[in-house]
Amino acid sequence: MNWLRKSLVRAGILSSNRHKSGDKNEQQDQSVNVPYDREVTGLNDPLKEYMAKMLNLIRELIIFCLLMMAISALTNDPPKVSKAAAATPFLSKNALVKDFYKGELSAAIDYARNFEFSFIMFYAPWDAQSQAARKEFLAAANYMKDYVVFTAVNCWQPQSECRNQYNKVYRWPVLIVYPCFGPGIKYNGPISAPHMISFLYKLMKPLKKISDTNLNFEEAFVVAELNALPKSREFSVYYTIALKYLESDYEGRITFYVKPVKVSQNKLSLYLWNQVRVLDIEPGDWKVAPILNWIIKSSESPSSWLAPSGSKSSLLSDVLQPGPSLILFTAKNPLHSANDYYMMLQEVAHEYKNCDDWGLNYDMATKRSRNLLEYQKLKRMCQVKSTPAKLNDVWSLSISAPFVNSSSNKLTIGNKQVDCNSINLGVREPFTCQGLIAEKFPDVPIKSGKFKNALRESELYPTSMWRQDSDPKSMQNLRKLLRRDKCRTFLLAEELTKAIFVESNIENTDQIDISTLGCDKVNGSLNFIALDSLRYYMFAERLGIDLSTKSDSSAVVILDESLETHYIMQGRINSTNLRRFVQRFSNNTLTRSMKSSVNVVHNYTPSYRIRTEDNADTFTVYVEEIDSTNFLDTIQQQNKATVLMYYSKQCSYCNGISYVFLTLARKLSFVDNLQFARIDGDINILPWEYTMEEFPTILFIPTNRKEESRVYPSNIPITVPHLLGFILSNVDVSSKLHVMYSVCLHSQLEKDKNICMATIRNETLSLIDKTLTYWRKSNNRHRQLLLHNLKQLRQLHFLFNHSPDDYKLIESYFKKLQVYEKGHNTTSSLYLVKDEL
């Protein structure tokens, strides 16, 4: 405080009687001995007294702040946070999935590494997608329980090991497959059991041995010519490349083959639809990342499947914006090895893009025929759906002779009795007991009744070696196991959706040549894409295609984003019709489709409805919701003007002005020749002259001259008075009085109603004066019409003065004013008079 006091003394505000001394200690003693109160009492000036009080206040504030700082320092405890709720199991205890619901990440990984393949779901218990994935994950675990171990880890439990390590996950659940060695493979596909099963099957067998007779691939395939053992570095790198590719493309559109060769240098060959790209690799250059990048960047296909993620994505816009695209909507079953409709699209796309007459690496037509034969063969083999019994449960190691009871068809081996009707080895018909014994003991004769032992027990010597039919890993039993798995997968795929093939008798032998249509580099060419109709049916509905009404759930459409047009192929889907559709598009002979999502479902017509009462008469006022199907019929009605509002569900401002639009529709509800309607301009495809680019937009379409439509000015706020003025300035002279009278009837206050009626009377007199002017200058034919109008106007003027509330009587004169003779409208007659004058 000494520095403040010294400053006040230097400024002359405080007086000081102290003597200056050269000794610093003496000055300090004097400043201490002179009390501060004496300084204050010695003040004579009011300003000095005020400054002294401020000085005391500042000193008290400083002391208070110091005390508060000390108290806060003493009580500076960490914030109290309630403990997290105890973790609870996300899955049932008897489930096939082991649930680490406390977030034990290390224990889960160690548990997964004990098996050849483990599928782990990292989830958050509160997440809706995790809860929806639980059912699909359990279904996949129930199907793949013999091959893959399924595990779940709670990664949201606070202070858990998984939460601490993975605290920046933006989407749940996260699905990762962990092999017994190597890094985990993330699953990026749909959260559905069939897609998970298909992904796991491909992951279990990422490599195939090449066969010249039958190559099973979808778009392209890679062949590695290796002169190395399976445990070599080159083979391990190639195996990892195949696994990592499945992480980037869960559908596995590129198949990886191995071809053992005796060469000095290994190489990779990428077989595309029209060329082969070879990558020579030195022994020290076998690395996963560069080889995988080369395969992905070098892969080119004239057609491809698109799988939008379901969240914000630019995948569709990147494909549709460069030019027109042909889209095939068809059901894609992940458990079927091939899709015939997509292969037909590939065949047409190959021909369309084959500009330089390149030779194709494979014949798609032959491949389609082979797939059809394999499907029919598998269907015949798997018609009997049964579960084969395990061989170890049927045959024992006992050397006791078997006995058969032909009446009950039961077999006794040692101390075990087996019902032969319940045994099925593979996919054949159930065995009889005689058939089982014949397969087990081929040299033993079989007779009905009690089985007679033809071989003595002394002739059967016990041994530890497994017989071929008892060994589960024998060639015979492995074939049966393979057939069983094929049938299980086939039957599950048929339950999801049956395979669809284009019948051969539908295909026309006279093919249409489209080989040069895709070579126009100036105007561009078509992009061929396919979408799964089971998952992306909403895109088809947006284009006006109802896939639920089609037996094959398939449709073909050409979409031109730049011209905002689309064309739907009519007729059955086959190669001939598809080629003709492409050819007509190239020749610009297709008709633009006007269908949209409103053409798919018509359950109801939403409308704004208000019920009011006036003069004991109940009536309904509404704004009609129209679409592209009844748009032209609505706005082109004769003797009726239309006020149309374009809106969009994504436009929040449209919802705000809907009240203004509805309020004015109620006020003008008495005008019979004026209708209010609205249309969703975002989903309805309209003719070019009626298409709006901004929402909301209000369009006035007059009674007879429809081509003279007017758009509400965009620089004027949309309010009830402004919108009413816009309508009054565009309606014809005979309807203007009717509009004004309807507004007056809805006036709430008597004063406003009287002012409104006075305005109508003045407008009526003005209209009578104009009609008289036309009558003097017109010919005899038009004078008869104008004279009739003058009579109605005189009666209306009389009623506006004496009976303004007599709605029915006034309405009758309005109708007489609007229409005089059949086929002749008063407004059109007035326009004719104007033209002649």
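The values are calculated or read from the model by the stated rules, or taken from the named source; none is laboratory data. If you're wondering where the values come from, they're calculated on a predicted model, not measured in any experiment. Note: ideal-geometry Cβ built from the backbone for every residue, glycine included; neighbour counts use all protein chains shown. What goes into the accessible areas is simple: the full protein's heavy atoms, side chains included, and nothing from ligands, DNA or RNA. Shrake-Rupley method; radii C 1.70, N 1.55, O 1.52, S 1.80 Å.
At-a-glance table
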read-out: Cut-off under 5 Å, modelled amide H: who pairs with ALA228 long-range; value: VAL261
read-out: Filter on LYS332/LYS473; LYS208/LYS332; LYS208/LYS267; LYS145/LYS186; LYS205/LYS486 - keep pairs with C-alpha separation over 25 Å; value: LYS332/LYS473
read-out: Residue-count net charge about ILE683 - beta-carbon cut-off 15 Å; Lys, Arg +1, Asp, Glu -1; value: -4
read-out: Those trypsin sites (Lys or Arg not before Pro) in segment 291-355 that DSSP places in a loop and that have at most 11 other beta carbons within 10 Å; value: LYS312
read-out: Ranked order, ASP732, ASP280 - accessible area, probe 1.4 Å, largest first; value: ASP280, ASP732
read-out: Contact order normalised by residue count of segment 122-184, Cα under 8 Å, 6+ apart, percent; value: 44
read-out: Distance (nanometres) between label positions extended 7 Å along Cα→Cβ at VAL711 and LYS777; value: 3.4
read-out: Heavy-atom SASA rank of SER515, SER311 (probe 1.4 Å, accessible area, largest first); value: SER311, SER515
read-out: Those trypsin sites (Lys or Arg not before Pro) in segment 135-214 that DSSP places in a loop and that have at most 11 other beta carbons within 10 Å; value: LYS168, ARG171
read-out: Accessible area (Å², per residue) of segment 703-756, counting only protein heavy atoms and a probe of 1.4 Å; value: 52
read-out: Cβ crowding within 10 Å averaged over residues, with 805-817, 550-562, 745-757 ranked highest first; value: 550-562, 805-817, 745-757
read-out: Surface share of carbon and sulfur [accessible, 1.4 angstrom probe, percent] for segment 199-347; value: 52
read-out: Mean Cβ neighbour count within 10 Å, used as a protection proxy, ranking 240-246, 707-713 highest first; value: 240-246, 707-713
read-out: PHE256, PHE115, reordered so the largest accessible area comes first (probe 1.4 Å); value: PHE115, PHE256
read-out: Within segment 296-326, backbone nitrogen closer than 20 Å to the virtual label 7 Å beyond the Cα of ARG171 toward Cβ; value: 305-320
read-out: Full-extension gain in nm, SER515 to LYS770, via 0.36 nm per residue minus C-alpha separation; value: 84.7 nm
read-out: Local net charge near VAL660, Cβ-Cβ under 15 Å (Lys/Arg +1, Asp/Glu -1); value: +3
read-out: Low-density loop positions, GluC sites (Glu not before Pro), segment 108-190 - DSSP coil, at most 13 other Cβ in 10 Å; value: GLU116
read-out: FRET efficiency estimate (nearest 0.05) - Cβ-Cβ, GLU811 to LYS498, R0 60 angstrom; value: 0.40
read-out: Two-site label geometry, ASN76 and CYS180: point separation in nm, points 7 Å out along Cα→Cβ; value: 5.8
read-out: Rounded accessible area of THR255 (nearest 10 Å², 1.4 Å probe); value: 20
read-out: Euclidean distance of C-alpha centroids, segment 521-579 and segment 640-675, integer Å; value: 35
read-out: Debye, to nearest 20: dipole size of segment 659-722, +1 on Lys, Arg Cβ, -1 on Asp, Glu Cβ; value: 360
read-out: Separation between Cα centres of segment 757-821 and segment 218-291, rounded to whole Å; value: 91
read-out: Coarse-grained scattering of segment 204-289 at q = 0.15 Å⁻¹, given as base-10 log I(q)/I(0) from a Debye sum over alpha-carbon atoms; value: -0.53
read-out: Distance (nanometres) between label positions extended 7 Å along Cα→Cβ at THR549 and ASN655; value: 3.2
read-out: Rounded FRET efficiency, nearest 0.05, which uses the C-beta distance separating SER317 from ASN587 and R0 of 22 Å; value: 0.20
read-out: Within the accessible area of segment 753-799 (1.4 Å probe), percent carbon and sulfur; value: 54
read-out: Over segment 107-233, equivalent-ellipsoid semi-axes from the Cα gyration tensor in Å; value: 31, 18, 13
